[in-house]
1. What is the number of the single condition among (1) surrounded by fewer than 22 Cβ atoms within 10 Å (Cβ to Cβ); (2) farther than 30 Å from Lys462 by Cβ; (3) not polar (S, T, N, Q) that Leu320 does not meet?
2. Please state which of the following conditions Val102 fails to meet, knowing it meets all the rest: (1) aliphatic (A, V, I, L, M); (2) within 20 Å of Phe216 (Cα to Cα); (3) free of Cβ contacts under 8 Å to residues at least 60 places away in the same chain; (4) surrounded by 13 or more Cβ atoms within 10 Å (Cβ to Cβ).
3. Scan the range 494-502 and tell me whether some residue there is farther than 30 Å from Gln298 by Cα, touching a residue at least 12 places away in the same chain (Cβ under 8 Å) and surrounded by 15 or more Cβ atoms within 10 Å (Cβ to Cβ).
4. Take the range 122-132 and flag every residue that is surrounded by 12 or more Cβ atoms within 10 Å (Cβ to Cβ) and in a helix (DSSP H, G or I).
5. Residue pairs, Cβ under 6 Å, 6 or more apart or interchain, first in the range 575-593 and among the charged types (D, E, K, R), second surrounded by fewer than 19 Cβ atoms within 10 Å (Cβ to Cβ). List them.
6. Just to be sure before I move on: is Tyr485 of a type outside the set (Asp, Glu), within 21 Å of Arg392 (Cα to Cα) and assigned by TED's automatic domain parsing to the domain that holds Leu566 in the structure I sent?
7. What number of residues within the range 435-469 are surrounded by fewer than 18 Cβ atoms within 10 Å (Cβ to Cβ) and touching a Ser or Thr at 6+ places or on another chain (Cβ under 7 Å)?
8. Look at Asn156 and say whether it is over 30 Å from Gln89 (Cα atoms), outside any helix (DSSP H, G or I) and among the polar types (S, T, N, Q).
Amino acid sequence: MTADFGLAKAKEFYNKVDWQSTDLRRSLLVALIFVVVLATLTIDFLPDRLSGIQVGKPSPKTIKASRDLEFVDFDRTEALRKEAAAHVQKVYNRDWAVENQVIDLVRKFFNAVRQVRVNQALTPEAKLDLLSKEVGSTFDKSVLGILLVAPDTDLNAVESTIVNQIDQAYRDRVTSENLINKKSEFRSMAGGLTEDRNKGAVIAEVGMLYLKPNYFYDEKATEWLRKEASNGILPVVVSKQKGETVVREGEIVSSGQEKILKELGLMKRGIDLVRIGGLSLFALVAFLAFALYLHHYQLRIYKNDRLIAVLGIIFIATILLAKFVGPFYSFFLIPVAAAAMLTALLFGVEISVLMVLMIGLFSGLIAGQNYQYALYGLLTGLFAIFATYNIRHRTDLVIAGAWVTLATTVLALTTTLLSGAGWFEVLKNLGWGLLGGISAAVLTIGALPFLEKAFGITTDIKLVELSYANQPLLRELMMKAPGTYNHSIMTGNLAESAAEEIGANPLLARVGAYYHDIGKIKRPLFFVENQIGGENPHDHTNPSLSCLIITSHVKDGVEMAKKQHLPREIVDIINEHHGSSVVAYFYAKAKENIVKECISEENFRYQGPRPGTKEAALVMLADSVEAAARTITKPSPGRIEQLIKRIVQSKLDDGQLNESDLTLNDIEKIIRSFTQVLSSLYHTRIEYPTVPFPQTRSLAAHGNPNK
């Protein structure tokens, strides 16, 4: 029951949706492009779960990096920093006064001994007690007793020996850490200085008692040096290229290899939500920025799902090649230049620059956030746009391809040298860059005709080809309706000049004008420009029928254009160049012959539609102006301008230009342009006086006729 209810709701929703809506189709198309691009970016961050991988045990299979990887091994970095800090020796500061202080204490000690020795009033026991009290109880009384009874010469000798040995000891570093060792050395040294055990005992006891450190540990300086040594260790960066082996089957897995597998997401149970979220946000912002640009500055593309589909195909194809060709061969093979050339030829420079920027950024992400390749793609793309600028013939693509190949080769060489790679890598990438440029040129030349035909896109190259006089329709127009052909050429010149002034497409306006009257081929003599001194068939035709014949040239032209597979833009110009204008001559003639109440103006109008583009509006105006200008008996710039203004105003009053996006400023520029062109064509010539030719003799009279 629940399943049936859900299915019914789904059908109800499906039936309510207007699947023919352009907005819906465009939204679904953009969503599809976004999903494909996002999947390409994030597929490496989905887990490929591994089992049986343990540190210290053989790997059950060979594992390769699923993407380019570069990360900092913090554990290894920290271990190296601790090791560097541990190797820093402790800092000690020397106290130069310690040696003199110790020697002074020794001399004071012996002076005290001498003073007690000369006191005859005291018994030996009393002298020993007094001396022990004065020098401190730390001294061994047996040593003091020896000093009290020793001869003066021995006393002086012992004092000198102790002072000398202390001086000798302080020539080395004495610290709190090695003080015990130094005292032991002093004791050993004292035993070797004399054979008299008593003297040796005195020297050792006194020297050991007064010896103290002359170097003191500087904790702050030591810590600072250790910190500097630690900070001097750069982070340990581990990198792997996509397809590079991480661990081979049967190899003992190390902790470092385990870390690489974890960073690749191969040791995780879940997906890397952080990275996927970041990439999704980046892609969303990039797509939104692109869409806003199209909406504000390229509305023609924004509203056309066919054109968006072409942009999506070019973008996705380039990204997929970056994903599946770059890591296994070289990122210098990514055809960013081909995408740039195709976009520039199909949509124009502005769109192409934005496309190159998008592809460059996304390629850098695919290459493991290696923006060396992003910069390479951006620069090659910009150069490719420059190489295709103002191309008008397909043969020019070969020359452009050669320049692009040179650019990709030089840029591949430059980026490799900047990375500090070896000469083998430099030569290899030089070859990849050369191959990348050649493949970009081949892709562009091969894909351009397919995209033009499959999606009905009219490029400047196609328009130039259609402008050639040997085109079947133009040749037939020239032969069957020469007057119309000449009129079309003049109309094209007018439309092209005005298009340049208002920022429309001059080439489309000119070529559209060439074809706008091809429908007259069927009945050329019914149009006045082809009636060269002959009888006008309309003189014997009902005005309504004449109007039907005249207006049918639009429908006939559309049919002929479609049969010859002319671009949609040209077909639209043919269909719209009269809009819903009144065939004024036959309408007036009909009103003269028939009761006015029986005449409907709607029956004497073209069926439309009105011009929907600036180029179609220009052809409409140029068509009317050129035909009317031929009727001026004494043309002058002033008369020509007044005629043009009247015609343009009549089209405005009749609402024929309401859908063409022309502004009042555009209208002023069009009038000035038409006036300038027609004035230069119909300027008044100076009438030269008749001059009689001099009478000449016959050639025979001159003898040699070749002289």
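1. With (1) surrounded by fewer than 22 Cβ atoms within 10 Å (Cβ to Cβ); (2) farther than 30 Å from Lys462 by Cβ; (3) not polar (S, T, N, Q) applied to Leu320, the lone miss is (2).
2. Evaluating Val102 over (1) aliphatic (A, V, I, L, M); (2) within 20 Å of Phe216 (Cα to Cα); (3) free of Cβ contacts under 8 Å to residues at least 60 places away in the same chain; (4) surrounded by 13 or more Cβ atoms within 10 Å (Cβ to Cβ) leaves (3) as the failure.
3. Start the filter on the range 494-502 by keeping residues that are farther than 30 Å from Gln298 by Cα, which leaves none.
No.
4. Listed by number, the residues that qualify are Ala126, Lys127, Leu128, Asp129, Leu130, Leu131, Ser132.
5. Cβ pairs passing all conditions: Glu576/Pro609; Lys591/Ile599.
6. Details: of a type outside the set (Asp, Glu): yes; within 21 Å of Arg392 (Cα to Cα): no; assigned by TED's automatic domain parsing to the domain that holds Leu566: yes.
No, not satisfied.
7. Of the residues in that region, 1 qualify.
8. On the way: over 30 Å from Gln89 (Cα atoms): yes; outside any helix (DSSP H, G or I): no; among the polar types (S, T, N, Q): yes.
It is false that Asn156 is over 30 Å from Gln89 (Cα atoms), outside any helix (DSSP H, G or I) and among the polar types (S, T, N, Q).
The values are calculated or read from the model by the stated rules, or taken from the named source; none is laboratory data. Source: prediction; values computed, not measured. So basically every Cβ, Gly included, is an ideal-geometry build from the backbone, and we count neighbours across all protein chains shown.
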